[in-house]
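Some notes on the structure that comes next.
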Amino acid sequence: MNASYEWLRAFVPVQATPAELRDLITAHTATVEDLVPLRADLAPIVVGRVVEAERHPDSDHLWVTKVDAGGADLLEVICGAPNVTAGKRYPFAPVGTTMPNGVKIERRKIRGVVSNGMLCSARELGLGDEHEGILELTTDAAPGTPFLSIMPAGDTRLVIDVGANRPDLLSHLGLARELSAVTGKAWQLPNLPNTGGIVAKAKSVQGKGSVAGIDVSVESDTAARRYIGAVLRGVKIGPSPEWLVRRLDAVGVRSISNVVDATNYVLHEMGQPIHAFDLRKLAGKAVVVRKARPNERLTTLDGIARSLPTDAVVIADGVQAQAVAGVMGGRDSEVTAETTELFIEVASFDPKATRRTRRALGLSTDASYRFERGVDPELGPLAMDRVLRLIMSIAGGALADTPLDVVAAAPAPLEITLRSKRVLQVLGTDVPLPDARRYLEAVGFEVVLKTDRELKVRVPTWRGDVSAEIDLVEEVARFYGYDKFPDDIRPFRPSTTCDDPLWTAANRMREALIGLGLLETRPMPFVHGTDESHVRVSNPLSANEAYLRTTLLETLARRAEFNLSHRSGDVRIFEIGSVFSSGSSALPREQVRAGVLVMGRRRPAHFTEPQPPAFDEWDAKGIGEVAAAVVYPGRQAELHAGSGNVLWQIQLDGKTKGHVVRVQLDAPVWAAPAFGVELILGEVDTTAPAERGQHAYLGSMESGRPQSRISRYQALPTMPSADIDLALLVPHGTSVADVERVIRAAGGEMLERLELFDQYVGEGVPADQRSLAWRLTFRHPERTLREKEIDGRRGKILGALEQELHVRQR
């Protein structure tokens, strides 16, 4: 969306620079991606101060001046203006400047004196018609200051990124509403030069009507929400006035003719696409909004003959299609220099239908861009009044009849309740309800009911993106100001699901080890293993590391050796990761452990302690005690003396959970001894879902050991499933788990899912029993199940239930 800075200020009289306006819109409405000065041709012009001014020795009307243009030396410049005065500042064009009229400033000799640049008049800069004297500047800016920085000349284009949910912002009117809400200054439509009063209000009809002898009808299957037509006679097509050309140029639109420019002006001003037909080219004195006929063709304004989709909505005369509704007009009814009579169309077409047609035709226009996002039907009458007055002021003509307004049934206005507690819950900040009301009313919402704790508001017709309370909260937030919200972390949870105990234990361990001054590493779990205890990877990343590690200290030792090879002997690192061993299932057994390796100095050297003591086995033991207390809080882990390289065993309830060891390294002679600590945090369940049961809970705890549950990858099913429901009479002494166990065993491998969805106790059910209902889902991975198979499974399940648990079908 291109917007004009001057055009916006004509709506809302804000005293803000283009950059300040950009920041306001970006902070509260939509991102302004770029500011484009439209007089970039004046960029080379600088402020020049005339230091001396004397008569030319060989002319009675020329002046020889010395100009300070910010350089090291004064420049000698010949000037013919009568108002040049020493000490004054003027726009100065240095040598090499290309002026707006295309003339390039060169160093040249004028009557024997060399002129090095030019002092400029307003006309030479394209800023007015005054050319008798140079443009005197009332500024204290230093010589050499860019002219555009002290005198904004021309307009500035704002390039705004408007989301698809905010079509109301695709106009200066929409942006003006937002600026008015932010600044508190009222907005109004800019005055149009030489226009009269309001045009007569359109006469409203349902389905069809007549205007100036033209029958207008809108067929119901087009889903058009509004269609307004007006007839102008006696217009004269010609060029547009300069102010209109500048307005359109500011938003990147080329001037075509006064009538077409008027429709484009209202499009960019109000967001309402408008089309003008040459009335004399419409056959049958009719305008019909209908679906395209089979094999119907239309040559559009771009000169291409197109086959129209049968579901396309067209604007037709009494014979054929003359325009694609909401997309592009037709060549046969185009306004030309010979046009004297106009049929003006202002409409609101269905967004989905417009998008389908636009994509089918491969077209994209300013009109379709707006229609397929949604044009406010209530905007039509005002836009028609605007364009008619503008055309009559610049192209002449008169209204032949009162405009005709064909309207469809309008939906009831949407009303939404905003609760203050919801605002607090979402935003985390207590925005007072009176402030929330002020924000909403400022941007067009109508408060229809107010209490101490909530507001009931009516959504304006142009805000189709607002449909729920959360949308109102967003409105409050953006006008309150995102920069005002606190940036402190609040104790909110993203969901009600508990964290996995294994993840929680690992996080506690990480924080504790970092608190001890250790550094975390996150290497890959692959090692150069050769014995049978290592599990080989089927497709290894490297032949030198083709095995999964059995202990974290294998990896940490390699990291320490790498440091030693770079003559760094002070190592204090840890890792929380997985180790692997051969298991009974297809996947190896996986454990999550915490591993620590320390060697060298305990602390960095300092002038108070030039030689800090080195890590020893007692430091390692202390780390082991801290780690055990973190993993098993409230339970007393014990450290027992080990043998060989194992210095201590970490035990809990008589079971070994880890150890403190002396780590053997391939180390140089100067290296200090290395010590390691390794502690089991938990097991990772790598069995398949069918092997461990469908109700294995994540993060279950067994004997104080955190466990994590993961699922193996399974491809999405391609065959359809078959569901059956079983209502069973289950004795009160029989558990649901026992019933599900029997159902799964009897259901076999095709039983994909089992879900308990109902329980009933009461009339019709024996007092010592309860009625429980399960839904069973069966699926074969390669074919569709047959009805006989399902019935057979049902019978087998019911038989097993009755035989094993005395459970029968209700």
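The values are calculated or read from the model by the stated rules, or taken from the named source; none is laboratory data. All figures in this text were calculated on a predicted structure; none of them were measured in a lab. Here Cβ is always computed from backbone atoms with ideal geometry, including for glycine, and neighbour counts include all displayed protein chains. For accessibility, only protein heavy atoms count, side chains too; no ligands or nucleic acids. Shrake-Rupley method; radii C 1.70, N 1.55, O 1.52, S 1.80 Å.
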Residues that are on the phi > 0 side of the Ramachandran plot and open to solvent by less than 50 Å² (accessible area, probe 1.4 Å), drawn from the stretch 189-208 = 207
Please verify whether the stretch 264-280 includes one or more residues that are surrounded by fewer than 17 Cβ atoms within 10 Å (Cβ to Cβ) and out of contact with any helix residue (DSSP H, G or I) (no Cβ under 8 Å at 6 or more places or on another chain).
-> yes
Answer yes or no: is there a residue in the stretch 186-208 that is within 25 Å of residue 15 (Cβ to Cβ) and of a type in the set (Lys, Arg).
-> no
Could you tell me whether residue 96 is on the phi > 0 side of the Ramachandran plot and within 48 Å of the chain's Cα centre (by Cα)?
-> yes
How about the stretch 756-779: which of its residues are buried (at least 17 other Cβ atoms within 10 Å of the Cβ) and of a type in the set (Phe, Trp, Tyr)?
-> 774, 778
What residue, of 406, 431, 423, is outside any helix (DSSP H, G or I), farther than 22 Å from residue 377 by Cα and open to solvent by less than 70 Å² (accessible area, probe 1.4 Å)?
-> 431
Considering only residues of the stretch 281-318 that are part of a loop (DSSP other than H, G, I, E, B) and under 24 Å from residue 400 (Cβ atoms), which is nearest to the chain's Cα centre (by Cα)?
-> 317
Going by the structure shown, is residue 370 of a type outside the set (A, V, I, L, M, F, W, C), in contact (Cβ under 8 Å) with a residue 12 or more places away in the chain and in a helix (DSSP H, G or I)?
-> yes
Taking the options 636, 649, 664, name whichever one is touching a strand residue (DSSP E or B) at 6+ places or on another chain (Cβ under 9 Å) and more than 24 Å from residue 560 (Cα to Cα).
-> 636
Does at least one position in the stretch 134-148 carry a residue that is open to solvent by 10 Å² or more (accessible area, probe 1.4 Å) and in a helix (DSSP H, G or I)?
-> yes
When the stretch 28-54 is examined, which residues are found to be exposed (fewer than 14 other Cβ atoms within 10 Å of the Cβ) and at pLDDT below 90?
-> 40, 43
Those residues of the stretch 22-61 that are part of a helix (DSSP H, G or I) and in contact (Cβ under 8 Å) with a residue 60 or more places away in the chain come to a total of 7
Considering each residue of the stretch 224-238, count those that are under 17 Å from residue 287 (Cα atoms) and either among the acidic types (Asp, Glu) or open to solvent by less than 50 Å² (accessible area, probe 1.4 Å) (or both), and give that number.
-> 8
Closer than 28 Å to residue 391 by Cα, open to solvent by 50 Å² or more (accessible area, probe 1.4 Å) and either charged (D, E, K, R) or assigned to a loop (DSSP other than H, G, I, E, B) (or both): does that describe residue 154?
-> no
Total residues in the stretch 780-810, condition open to solvent by 100 Å² or more (accessible area, probe 1.4 Å), under 12 Å from residue 728 (Cβ atoms) and either part of a helix (DSSP H, G or I) or touching a helix residue (DSSP H, G or I) at 6+ places or on another chain (Cβ under 8 Å) (or both) | 2
Enumerate the pairs (first residue in the stretch 778-797 and within 17 Å of residue 725 (Cβ to Cβ); second residue anywhere and surrounded by 11 or more Cβ atoms within 10 Å (Cβ to Cβ) and hydroxyl-bearing (Ser, Thr, Tyr)) with beta-carbon separation below 7 Å, excluding pairs fewer than 6 apart on the same chain, so at least 6 apart or on different chains.
-> 778/721; 779/721
Only one residue in 254, 247 is surrounded by 18 or more Cβ atoms within 10 Å (Cβ to Cβ) and more than 14 Å from residue 344 (Cα to Cα), so which one is that?
-> 247
Is there a residue being under 30 Å from residue 538 (Cβ atoms), part of a strand (DSSP E or B) and modelled with pLDDT of 95 or more anywhere in the stretch 597-617?
-> yes
Taking the stretch 225-280, which residues are closer than 19 Å to residue 383 by Cα, part of a helix (DSSP H, G or I) and charged (D, E, K, R)?
-> 247, 261, 269
Inside the stretch 447-467, the number of residues satisfying the requirement of being among the acidic types (Asp, Glu) and either surrounded by 15 or more Cβ atoms within 10 Å (Cβ to Cβ) or at pLDDT 95 or above (or both) is 2
What about residue 113, is it touching a residue at least 40 places away in the same chain (Cβ under 8 Å), within 30 Å of residue 30 (Cβ to Cβ) and β-branched (Val, Ile, Thr)?
-> no
Determine, yes or no, whether residue 555 is open to solvent by less than 50 Å² (accessible area, probe 1.4 Å), outside any helix (DSSP H, G or I) and among the β-branched types (Val, Ile, Thr).
-> no
